[in-house]
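All remarks here apply to the structure that follows.
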Amino acid sequence: MILFRWVAQRYPLLAIPTTLMLDRVLTRVVDLPTWLLSRANARAQEILQRAFSPFELRPVHYRTLAVLDEHGGVSQVEIGRHLDLDRKDVAVALDNLSARQLVRRGPDPTDGRRNIVNLTDTGRELLPQLEEALAAAQRDVVAPLSGEEWEMLVALLRKLQPSCEVVAARIAGDLADPATGVTT
């Protein structure tokens with residue numbers, strides 16, 4: 001509660017007024033990290049959605065284009081692994097991007113059973129505009145923070161994320177899921 005009030009006093013434009021928020025929220029959760037992270041994420045996602053809406057795209061579309069730009073032509077399965085997305089979600093994103101002629105699917109020359117997805121010239125030309133919108137969204141998300149606080153936030157969030165090695169091992173099926181203990 002103390003942290004919530006401090007944030008509301010320091011950054012009055014950041015959230016719903018304290019009196020309204022406290023009427024809606026169970027007071028025993030307002031200072032819990034899970035609650036605070038969830039609320040911050042909801043705000044960040046809203047800002048990202050607004051940033052990409054002029055392009056009629058969503059954040060997942062940008063991330064998909066970025067994977068293709070960084071890694072060249074890859075399969076749908078590989079895109080899913082890079083983005084930690086289910087293959088159905090990847091398929092939906094690619095359908096949208098294909099319809100806009102931002103990506104192109106074609107047969108894999110080494111394995112006719114799968115398709116390779118490539119960035120089109122149109123997709124490559126759009127990326128800098130999307131990256132400008134993304135940078136502006138990042139600034140909006142952390143606007144209430146000083147530069148030092150921004151760096152500290154990023155460092156703390158990285159600390160909360162599983163390491164790349166853990167994620168890679170889980171993807172490869174070499175690591176048990178911590179929630180279930182089952183090796184995937």
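At a 10 Å Cβ-Cβ cut-off, how would you order HIS82, HIS61, fewest neighbours first? Numbers along the way, then the final one.
Numbers: HIS82 18, HIS61 22.
Listing HIS82, HIS61 from fewest to most nearby Cβ atoms yields HIS82, HIS61.
Provide ASP108, ASP86, ASP140 in ascending order of the number of other Cβ atoms located within 10 Å of each residue's Cβ, fewest first. Don't skip to the end; give the middle numbers.
Details: ASP108 13, ASP86 10, ASP140 16.
Final ranking by Cβ density, sparse to dense: ASP86, ASP108, ASP140.
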Run through the range 32-115 and list the GluC sites (Glu not before Pro) located in a DSSP loop whose Cβ has at most 14 other Cβ atoms within 10 Å. GLU56
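How big is the charge dipole of the range 32-171 about its Cα centre, in debye rounded to the nearest 20, if each Lys and Arg gets +1 on its Cβ and each Asp and Glu gets -1 on its Cβ? Numbers along the way, then the final one.
Details: 18 positive and 20 negative charges, 95 e Å.
So the magnitude is around 460 debye.
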Hey, with R₀ at 45 Å, roughly what FRET efficiency would ALA155 and LEU26 work out to, going by the Cβ-Cβ distance, to 0.05? 0.90
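Sorted from largest to smallest, which semi-axis lengths in Å does the alpha carbon gyration tensor of the range 32-171 give for its equivalent ellipsoid, taking the root of 5 times each eigenvalue?
Values: eigenvalues 178, 76, 32 Å².
Semi-axes, largest first: 30, 19, 13 Å.
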For the residue pair ARG39 and ARG114, what label-to-label distance in nm results when each label sits 7 Å from Cα along the Cα-to-beta-carbon direction? 4.4
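We did not get these values from a lab; they are worked out from the coordinates using the rules stated. This one's a predicted model, so the numbers in the text were calculated from it and none came from an experiment. Note: ideal-geometry Cβ built from the backbone for every residue, glycine included; neighbour counts use all protein chains shown.
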